[in-house]
Each structure stands twice: as structure tokens, then as C-alpha cells.
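Structure record follows, encoded as C-alpha cells.
The values are calculated or read from the model by the stated rules, or taken from the named source; none is laboratory data. As the structure is a prediction and not an experimental result, all values here were calculated from the model. Glycine gets a Cβ as well: all are built from the backbone with ideal geometry, and neighbour counts include every protein chain shown. Each accessible area value is taken on the protein alone, full model and side chains, heavy atoms only, with ligands, DNA and RNA left out. Shrake-Rupley method; radii C 1.70, N 1.55, O 1.52, S 1.80 Å.
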Amino acid sequence: MSPSRGETACAFVITAETAADVSAREALLDRAMGPKRRKKSSEKLRRGRRPSEGLTFVARDASGAVAGTVRLWDVVLGEGGRAALLLGPLAVDPAIKNTGIGSALMRHAIAEAARLGHAAILLVGDAPYYQRFGFSAEKTGSLAMPGPYERHRLLALELVEGALAGAQGTLKAAGRKLKAQRLPLAA
């Protein structure tokens, strides 16, 4: 991958996340986002759910270690609303930030979501960063996140023109639920 202006070169490859990546991804998210990451409104939509099929990615450095991660989740826009995706978290190992990994993960995730036929992606994030990928708050004025969030940070990207026209209400979790783990019965 070639770095964008202001980014340093770093060799990495983007692959589908595997079950073997879970502990490395969680450790990376803890380093990059801190202990309060599980209290965010976006987490309420992810809790107890599986990410959208085919939309979990990691960036691996030259040694094969997980250096970045992004996942997309199925949501519904309001009560009985249309389907969309919620992107997040996007994270890069703090030791190698500004090397183009986050941008490459974003571009890859958006391209795959479009290829799989999804119509829109929403996220909660910094507009100055996500604008370069086409995200804005322009079409999220009638949408809301569950729980506290900063309204100006709710951003969207239409992959299909008009996909968010008339969308309103609070985002709701959708998609596949995590299977409950069975606990052994006491003797």
C-alpha cells in the first residue's frame, strides 16, 4: 500500500479477520482506544451480535501481527426502517499511526460493503478524518444512536444514492446474534 501525503511508509496487508485474531484485535483495541471503549453508544449496537458477514478485516504488518482492525455491523434505521451498516471500531496500533493503515482499512471496508450490495454505512467519529472517505452528517439529522453521543459525530455514507432519504429514528441492532455459551452443569 502506498502512503497518502503526510503518512510514512509501512508494509502491511489487509486480510479477513480470523478466529485466531480475536485476542490480538482486543489487545490492539485496548491500546488504541483505552478502557472506556466498551461504554460507547456504538458498543450497545454491537454487544451480543456478530459483525456483518464478510465485513471484518485486519491489517497485518510484515511479521503477520495485527496492526489495525475494522468491522462493520448490521443495523436498522429506526423502528421497521431500512438496513444499513455501522462501521467500527477502526483502530491502528498507536506505535504505527499515520502510516496509511487506517485509510487503507477504511477504503477496503467501504469497497467490500459496496461489493456485497449494502446501501449505506454509518459511524460515530471525527468528521475531519472521515470526510475524505465521503462521510458527512448531512443525512443523519433525523437519525439517533441509542445512549449518549455527540450528534455532530454521527456520520453517514450512501453507497447507493438515496439510500438514506427519509431515514429517521434510533439505530437498532440487527444481524446475527452471538451464540450463547453453554455452561457445564454442576454435579
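Of note:
- Close Lys pairs in the chain (alpha-carbon distance under 18 Å; sequence gap of 8 or more, or different chains): 7.
- Largest GNM mean-square fluctuation across Val22, Val13, Val70, computed for the chain with C-alpha springs under 10 Å, falls on Val22.
- In the chain, the portion of solvent-accessible area held by carbon and sulfur atoms comes to 53 percent [1.4 Å probe, whole percent, DNA, RNA and ligands not counted].
- If the chain linking Ser142 and Lys36 were pulled fully straight, counting 0.36 nm for each residue of separation and taking away their Cα-Cα distance, it would gain 35.4 nm.
- Using a simple spin-label model with pseudo-atoms 7 Å out from Cα toward Cβ, Glu53 and Ala127 lie 3.6 nm apart.
- Per residue accessible area of the chain, 1.4 Å probe, in Å²: 55
- Magnitude of the charge dipole, the chain, Cβ model with Lys/Arg +1 and Asp/Glu -1, debye to 20: 660
- Descending Cα extents along the principal axes, the chain, whole Å: 62, 46, 31
- Each helix, a run of at least 4 DSSP H residues, gives -39500 (n - 2.57); summed and divided by the residues of the chain, these come to -5500 deg cm²/dmol at 222 nm.
- Amide H to amide H, with H built 1.01 Å from N, Thr170 comes under 5 Å of Gly78, Glu79, Ala144, counting only residues 5 or more places away or on other chains.
- Placed amide H near Ala67: partners under 5 Å, 5+ positions off or other chain: Ala59, Arg60, Asp61
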